[in-house]
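Colleague: Got a structure for you, written out below as C-alpha cells; questions coming shortly.
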Amino acid sequence: MKRISQLFLDFQAGIRGSLAERALQRPLYATPDEADPQSAPVKAKAKKATAAETTTQFDETLTEQCRQILHALDLSGAVKLVSVQWNPRLRSTAGYANYPSWRIELNPKLQEFEGQVNRTVLHELAHLVAYHRAGRKKIEPHGVEWQRACVDVGIPGESARHTLPLPRREVKRPYTYACAHCGLKVKRVRKFRRGSACKQCCTQFTGGVYDSRFRFVLIEDDSQKA
Ligand SMILES: [Zn+2]
Ligand SMILES: [Zn+2]
C-alpha cells in the first residue's frame, strides 16, 4: 500500500518555576488520539511493531539548533531543557510541543518532505517560547504571542496548521458501482451486499423505501489488479 499520506526556567523564572509548572497544565498541541500513546488503536498496533517503530528517538542536531536559537533569545534556562525527539506513533500530526517540559516531538514522515522538518521544529519551538513568555497568562495556541515568537525564531508568517503535508493513507477501492437510475458512481473497498441501492434516488422517488430500480450495479472490478 502506498503512503501518499511543543523549558521552562530561564534564570529568573526558575524560582516561580515549580509552582507555575503545576498551575499550567498545558495541553499537547496535537489531536489527542494521535498524541496519546494510551489510545486503543495505537496500543494494539504497538504490540506488533518493532521497537524502532514505536520508540521515541532523541535528535541531537535539531536539539542543538533549538538551543542556539534560545540562547540568542536570552532564554538560557530553556537551553538546558529543550529536546527534540522523533515520535513514530504520530500519524497525521506533523509535530507537537509540550510545555513546560520543553519537549518537541516530530513525525518521522516529515523527513520525506523538503524543508518540513526545519519548519516544524521552529513552529513548535515558537509555541514553547510563547508559553514561556506568557507565564501564567493564558494565550491562544496560534495567537499574537505565538506569531511574535515565530518571527523571533525565524519563521515570520508561519501557518497555524499542524497536520501538514502528510497525505492520508490511500485506501484501495477496487469496486466501482453505479446507480441504475441516476448514474451516481461509488467506489467500494468491499463488494456491496446484494440489494444495496442508491439512497439519493430512494429518498427522492420512493420516500426512502428500497426499490430495485435504484440498485447499484457493479460496473468496474479492479480487485485482481496489482
Ligand atoms: Zn502550532
Ligand atoms: Zn441514484
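The values are calculated or read from the model by the stated rules, or taken from the named source; none is laboratory data. In this text the structure is predicted, and so the values were computed from the model without any measurement. In this analysis, Cβ positions are derived from the backbone assuming ideal geometry, glycine residues included, and neighbour counts consider all displayed protein chains.
Colleague: Of the residues Thr176, Thr163, which single one is modelled with pLDDT under 95 and under 30 Å from Arg215 (Cα atoms)?
Modeller: Thr176
Colleague: Being acidic (Asp, Glu) and either within 15 Å of the chain's Cα centre (by Cα) or within 11 Å of ligand 1 (Cβ to nearest atom) (or both) is the filter here, so list the residues in segment 113-144 that pass it.
Modeller: Glu124, Glu140
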